[in-house]
1. Between residue 37 and residue 17, with labels modelled 7 Å along Cα→Cβ, what's the label distance in nm to one decimal, could you check?
2. Rounded if a/c is under 1.5, else prolate if a/b beats b/c, else oblate: with a ≥ b ≥ c from the C-alpha gyration tensor eigenvalues square-rooted, which is region 1-40?
3. How high is the relative contact order of region 4-62, in percent, with contacts defined as C-alpha pairs under 8 Å that are six or more residues apart?
4. Charges at C-beta only: +1 for Lys and Arg, -1 for Asp and Glu. How large is the resulting dipole of region 9-91 about its Cα centre, in Debye rounded to 20?
5. Of 13, 57, how do they rank once you tally other Cβ atoms within 10 Å and put the fewest first?
6. How large is the Kirkwood hydrodynamic radius of region 9-91, counting all unique pairs of alpha carbons, in Å?
Amino acid sequence: MHVRPDEIGAGFTATRKIGGAVIRNRAKRRLREIARLLLPLHGQPGIDYVFIARASTPSRDWSRLMGEVESALKDLAKGQPQGDREHKAQEA
């Protein structure tokens, strides 16, 4: 995916490992809504973000999931080292 320099891109994925189609779709819907709410606040224009659903994404408490994604986006904006970013993103 490629976005214009003034846009924020977002992609969503959920593998069969996390469950059937209903569970995967629920996980992606939750991530889409979080992205809709948080990317305008914490996303950087010209950057593509990929949200990867984990096994806990469909059932995780909404406020906790949102807080973890927000924290990961803030860390990315600060430019933390790659290892730290991967760890934060996998928690979501």
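1. Modelled inter-label distance: 2.7 nm.
2. Numbers: a/c = 4.62, a/b = 2.02, b/c = 2.29.
Cα axes put region 1-40 in the oblate bin.
3. It rounds to 55 percent for region 4-62.
4. My answer is approximately 440 debye.
5. Numbers: 13 12, 57 23.
Neighbour counts put them in this order, fewest first: 13, 57.
6. When all Cα pairs of region 9-91 are included, the Kirkwood radius is 13.0 Å.
Readers should treat all values here as calculations from the given coordinates under stated rules, not as data from a laboratory. Worth saying up front: this structure is predicted, and the values here are computed from it rather than measured. Cβ atoms come from the backbone with ideal geometry, glycine included; neighbour counts cover every protein chain shown.
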